[in-house]
1. Rounded to the nearest 0.05, what FRET efficiency do residue 80 and residue 289 give with R0 = 51 Å and r taken as the Cβ-Cβ distance? Could you check?
2. Assign one of three labels to the stretch 1-74, namely rounded, prolate or oblate, based on the Cα gyration tensor with a ≥ b ≥ c the square roots of its eigenvalues; rounded applies when a/c is under 1.5, prolate when it is not and a/b is larger than b/c, and oblate otherwise.
3. Using just the Cα positions, wrap the stretch 115-267 in a convex hull and report its mean projected area in square nanometres, one decimal place.
4. For the stretch 180-229, state what percent of all Cα-Cα pairs lands in each successive 10 Å bin, counting from 0 Å until the bin that includes the largest distance.
5. Once label points are set 7 Å from the Cα along Cα→Cβ at both residue 111 and residue 148, what is their separation, rounded to one decimal in nm?
6. Compute the distance from the alpha-carbon center of the stretch 77-129 to that of the stretch 14-70, in whole Å.
7. How far, in nm, would the chain grow between residue 38 and residue 158 when pulled straight, counting 0.36 nm per residue and subtracting the alpha carbon separation?
8. For the stretch 120-199, rounded, prolate or oblate, judged on the Cα gyration tensor with a ≥ b ≥ c (square roots of eigenvalues), a/c < 1.5 rounded, else prolate if a/b > b/c?
C-alpha cells in the first residue's frame, strides 16, 4: 500500500507504535503500518490529533484533505522540507529571468500540445464516426503548435494554450457519452459528471506535483508559467500541464466504458459530485492509472532542480 484513502464517515485515526489505527463505528479497528504509506487522502469527516499528524510528517507521508461536499482541496500536509536551500534560492532567482521563464513555459505548453494531439488521434481511431469534429480539433492544434515558437512572451503563450484547450475539450465532448451532458470545461462547481471527474482528478494530480516538488527540494509555490499568487502552488500547476491530456484520456475511458455511470453522481446546489458508490469505483482505478504520472513528476522535478 502506498496510498490510504479515508472515505467513511466518523472515522477516527489513532497513533500506535509504527502504525496507524483506523477506527470505524461498529467495526473492528484496522492497523496500517506507517512504513507502507506515502500519502493519505482524507475525503470524509475524520477525527485525529496532532500526534497522528506529527507522525505522518515525520515519516514523510503527505496528507491531502478534501472537502466532503465539494471535493475541493482544503489542506495539504507535507513532511520535512528538503535540506538543500540553494535549490529554492536558485528557483526564486530564475523567477526574475524573463527569458528563462519563457523557455520553461514554452516547453510545458509544447508537451501539453503533444499530449492533446495524441489524445485526438487516439479518439479518431476509436470513434471514426466523429471524424469531422475530431479532424477540426486536430487541425486547430497543429496550427497552434506551429505558432508556438513565435510566441514572444507569457501572455501570448497563454493565449495559444487557451485556444488549444478549447479545441481539445471540443474533441473530448465529441467522444463522451451524450447522456453526460458535457458542453465544455467548467469548474467551481463542476456542473456535469465529466467535469466532476476532471476536477477531482486534477486536484489529486496537483497534490502529487506538490509532493514531488517538495521532495526534490523545490518550492511548490514558485512557478514560472503560472506566476506566484496568494495561496496557489504555482509550480505544481506548471508541472501538471503536460499531464492533463494523458489524464483526460484515461478519464474518458472510465466514462465511455461505463466504469462510472450517471447514477454514480449527485447534484448538490448546482454542483455535480461523485457519490459514495462512484468514489468506491473511482479511487482504485485512479490509484492504478496515476502511477506513470507520479514517475513523470519525479523525473521532471529532478530535471528542473538540476537545471536551475
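1. Calculated value: 0.95.
2. Since a/c reaches 1.5 but b/c is at least a/b, the shape of the stretch 1-74 is classed as oblate.
3. So the Cα hull casts an average projection of 10.1 nm².
4. Reading the bins upward from 0: 24, 35, 28, 12, 0.
5. For residue 111 paired with residue 148, the spin-label model returns 1.1 nm.
6. 31 Å
7. 39.8 nm
8. Judged from the Cα gyration tensor, the stretch 120-199 comes out oblate (a/c at least 1.5, b/c at or above a/b).
Throughout, read-outs are computed from the coordinates displayed, never taken from laboratory work. Note that this is a predicted model, so its numbers are computed, not measured. Backbone-built Cβ (ideal geometry, glycine too); neighbour counts: all protein chains shown.
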